[in-house]
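*Asks:* Just passing along the structure, written as structure tokens.
The values are calculated or read from the model by the stated rules, or taken from the named source; none is laboratory data. Because the structure is a prediction, the values reported are computed rather than measured. When we count neighbours, we look across all protein chains shown, and the Cβ atoms used for this are built from the backbone with ideal geometry, even at glycine.
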């Protein structure tokens with residue numbers, strides 16, 4: 001049976017270096033890492049032996065529950081959680097609750113009672129007491145469940161106000177807000193921020209509700225723009241909704257940003273891929289995911305958490321769906 | 001402690017119905033499901049009790065390993081795996097190997113030696129012997145590892161030939177193929193199909209290599225189109241690459257499809273969101289994911305697998321990035 005010494009010998013490195021590499025515990029240069037990987041392949045060093053050297057912690061798996069894996073926002077958050085977790089020697093398993101209470105309950109149950117060291121939840125379908133009764137360290141990410149649960153989120157109200165004000169200072173006068181599902185705190189807060197900005201100007205904007213699904217949203221937006229052709233500025237409660245608005249604008253042959261300006265929310269990579277690229281209120285998704293992982297691992301390892309609620313500011317990312325010749 | 005009888009009483013349904021619902025075992029109407037969910041919430045019926053009624057199987061968790069969760073192709077596959085698994089009473093945990101051998105090994109190891117009933121892998125970084133030595137049922141999805149491992153995939157060569165021929169019959173003469181990473185069988189097969197179609201016409205197309213990452217691809221495509229402005233047809237090895245091409249076409253002010261036609265591969269939802277919407281060679285992602293889940297569960301439950309290799313045909317999905325006034 002091939003062992004760690006064989007790998008070290010083949011890679012012409014010390015056992016300590018290979019061990020550091022396998023345990024992700026300390027620095028190993030890129031070049032050495034490559035030689036170790038090569039040796040692992042050449043010697044057909046079996047996963048079981050790697051696992052043994054890694055089994056110092058009872059469980060080093062973190063469960064991450066997301067409401068909709070097809071919404072590109074969540075894979076980006078997941079990626080950040082994973083990177084940070086990995087640097088601490090943890091791996092992440094991802095579960096999709098599909099916005100169903102039953103699935104969410106089942107995942108939380110199966111994960112927490114069996115093998116995960118902790119949970120990060122980006123869903124909030126159930127009563128806060130359910131999350132609080134879980135006998136496993138937990139962190140809420142993106143959605144606030146209860147003050148008693150360590151939380152990483154963005155100040156959605158403030159961000160939405162920022163995005164809406166940018167539309168107004170850029171000359172938009174007839175605003176439409178495409179808000180997400182009612183009762184979802186994230187979407188509710190973004191609407192509040194939007195209305196704060198329009199109220200300050202004494203405006204009477206149009207507000208329509210849709211799910212975060214692209215096709216549903218596109219339908220609602222098309223109907224709304226047909227009914228209200230005067231709309232010249234759209235604030236959307238997510239980038240997916242904003243991209244749906246852009247898609248419909250093309251379909252209705254409205255020039256963006258000349259006739260219609262659009263601002264999204266989230267800052268997902270997709271916003272850079274469309275044409276024109278999307279102006280948006282960007283959350284620091286990487287920072288959010290990484291902070292949630294750190295907070296969880298501090299709990300798991302019995303350390304005191306320095307900060308239990310992290311409420312990050314969103315930043316305006318100006319791209320092509322708003323006018324450049326802005327206001328002062 | 002609240003139990004299943006209390007839930008049944010509160011929902012005004014039989015215990016059998018609630019049990020069927022909880023175990024996803026047999027038909028429960030939408031209306032009854034809603035009443036049960038409501039009762040669970042009202043009574044604060046705890047996950048632990050649900051889990052107990054569900055713990056008939058030793059482990060009913062399936063592990064799904066994907067190479068890059070941020071590539072929208074994989075969440076769509078995952079969604080299908082999950083739907084089918086759920087209908088059999090299984091849940092799915094998703095792991096992102098990040099195209100790193102080390103991570104893939106570690107996930108396979110941690111998952112297979114601890115708690116999953118089976119694995120679906122959409123990665124193929126390691127030697128086939130590693131996958132074959134895993135002491136857990138396994139299915140390869142999207143990437144072919146070895147004939148000895150049950151596999152669900154698309155006929156990539158045939159699909160690529162179909163897409164390329166469509167460009168040619170639509171009047172494109174100076175073709176560019178944006179192939180994915182060299183050595184990745186999926187990308188290699190798609191290039192082969194592309195070249196078969198251009199060879200039949202005696203053409204001498206341009207072929208460029210890029211990773212599947214949007215930004216990397218955009219850079220390569222921009223350089224290529226600057227160097228070869230005569231290109232009037234692009235076949236891309238994935239929809240993400242095709243969307244990068246569309247993005248660059250907008251940037252270089254090339255009209256699509258009038259001056260430049262683009263065909264992608266995969267059929268992800270994103271292709272419908274861009275403008276013009278992407279013509280692509282669509283894989284039946286839902287069917288692929290569902291078939292892989294079924295094949296795996298048949299193995300887990302000791303049934304004979306009817307078919308060990310499922311090689312599905314891709315279909316041309318004609319949208320806006322190719323000319324409509326096609327050929328005869």
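*Asks:* Could you please find all residues in the range A:161-185 being buried (at least 20 other Cβ atoms within 10 Å of the Cβ) and either within 17 Å of the chain's Cα centre (by Cα) or modelled with pLDDT under 95 (or both)?
*Replies:* A:180 - this is the single residue of the range A:161-185 that is buried (at least 20 other Cβ atoms within 10 Å of the Cβ) and either within 17 Å of the chain's Cα centre (by Cα) or modelled with pLDDT under 95 (or both).
*Asks:* Follow-up question, since we're still on this one. Tell me, which residue of the range B:98-128 that is more than 10 Å from chain A (Cβ to nearest Cβ) and under 19 Å from the mean Cα position of the chain (by Cα) is farthest from residue B:181 (Cα to Cα)?
*Replies:* Filtering first and then ranking leaves B:118.
*Asks:* A follow-up question, please. Which one of the conditions (1) within 24 Å of residue A:286 (Cβ to Cβ); (2) at the interface with chain A (Cβ under 7 Å from one of its Cβ atoms); (3) modelled with pLDDT under 90 does residue B:44 fail to meet, given that it meets all the rest?
*Replies:* Every listed condition holds for residue B:44 apart from (1).
*Asks:* Grab the strands (runs of 3 or more DSSP E) fully contained in the range B:211-328, keeping just those with 1 or more residues being away from chain A (no Cβ under 14 Å) and surrounded by 21 or more Cβ atoms within 10 Å (Cβ to Cβ).
*Replies:* Filter on the range B:211-328 gives B:233-236, B:261-266, B:279-282.
*Asks:* Ok, one more. For the range A:105-140, how many residues meet the condition of being assigned to a strand (DSSP E or B) and either more than 16 Å from residue A:78 (Cα to Cα) or outside the structural domain of residue A:92 (by TED's automatic domain parsing) (or both)?
*Replies:* Matching residues across the range A:105-140 total 0.
*Asks:* Quick one: in the range B:72-97, which of the residues that are more than 7 Å from chain A (Cβ to nearest Cβ) and within 16 Å of residue A:66 (Cβ to Cβ) is surrounded by the fewest Cβ atoms within 10 Å (Cβ to Cβ)?
*Replies:* Only one residue tops the list, namely B:83.
*Asks:* Turning to a different aspect of this structure: Taking residue A:266, is it in contact (Cβ under 8 Å) with a residue 60 or more places away in the chain, assigned by TED's automatic domain parsing to the domain that holds residue A:178 and on the phi > 0 side of the Ramachandran plot?
*Replies:* Yes; evaluated as a whole, the condition is true for this residue.
*Asks:* With respect to residue A:142, is the statement that it is surrounded by fewer than 21 Cβ atoms within 10 Å (Cβ to Cβ) and out of contact with any helix residue (DSSP H, G or I) (no Cβ under 6 Å at 6 or more places or on another chain) true?
*Replies:* Spelling it out, it is not the case that residue A:142 is surrounded by fewer than 21 Cβ atoms within 10 Å (Cβ to Cβ) and out of contact with any helix residue (DSSP H, G or I) (no Cβ under 6 Å at 6 or more places or on another chain).
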